[in-house]
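To start, the structure itself, in structure tokens.
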Amino acid sequence: MNIDKLFQKAELIPCIVQEDSTGEVLMLAYMSRESLEKTLEIGETIFWSRSRQKLWHKGATSGNIQQVVSMFADCDDDTLLCRVEQVGGAACHTGKKSCFFKEIDITK
């Protein structure tokens, strides 16, 4: 797939990160064209940090890197799904395996 299609609507696109072996959703982050190109080049996730306004190599500081197994674009070419091998126990900056650990009570 030509990555140019992915950035026709916006400069940043959401990237859902899923553990390849379990299917667990680990996190959601954003990619720029440059971060996607670098991810494809090195085989580890590189995102665009909206708070720091710069590239962010996931795990470069913590050691909790994500090795890319496969990537998919959605049907509208505006969201990515990145299946990874999570190296180190935590995808979340809090030290949790997944960023999605705060359950919302949906009972009425």
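The values are calculated or read from the model by the stated rules, or taken from the named source; none is laboratory data. If you're wondering where the values come from, they're calculated on a predicted model, not measured in any experiment. Here the Cβ is made from the backbone with ideal geometry for all residues, glycine too, and neighbour counts use every protein chain on show. Protein only, heavy atoms only, side chains kept; ligands, DNA and RNA dropped before computing areas. Shrake-Rupley method; radii C 1.70, N 1.55, O 1.52, S 1.80 Å.
Take the chain with all the other protein chains still there, run a 1.4 Å probe, and you get 63 Å² of accessible area per residue.
Ordered from highest to lowest accessible area with the whole protein assembly present and a 1.4 Å probe, Thr79, Thr22 read as Thr22, Thr79.
Accessible area ranking (1.4 Å probe, heavy atoms, ligands and nucleic acids excluded), largest first, for Ile3, Ile104: Ile104, Ile3.
Between Lys108 and Val25, the simple label model (points 7 Å from Cα in the Cβ direction) yields a spacing of 2.4 nm. Asp74 exposes around 50 Å² of accessible area when a 1.4 Å probe is run over every protein chain in place. Sorted largest first by accessible area at a 1.4 angstrom probe radius, with every protein chain in place, the residues Phe101, Phe72, Phe47, Phe7 fall in the order Phe72, Phe101, Phe7, Phe47. Cysteines of the chain lacking any other cysteine Cβ under 4.7 Å from their own Cβ: Cys15, Cys75, Cys82.
Based on alpha carbons, the Rg and Dmax found for the chain are 14.0, 48 Å. Candidate cross-link partners of Lys96 among the lysines, defined by an alpha-carbon separation under 19 Å and a same-chain spacing of 8 or more, comprise Lys58. On the chain, 51 percent of the accessible area sits on carbon and sulfur atoms, based on a 1.4 Å probe. Annotation: lysines with alpha-carbon distance below 22 angstrom to Lys5 (same-chain offsets under eight excluded): Lys38.
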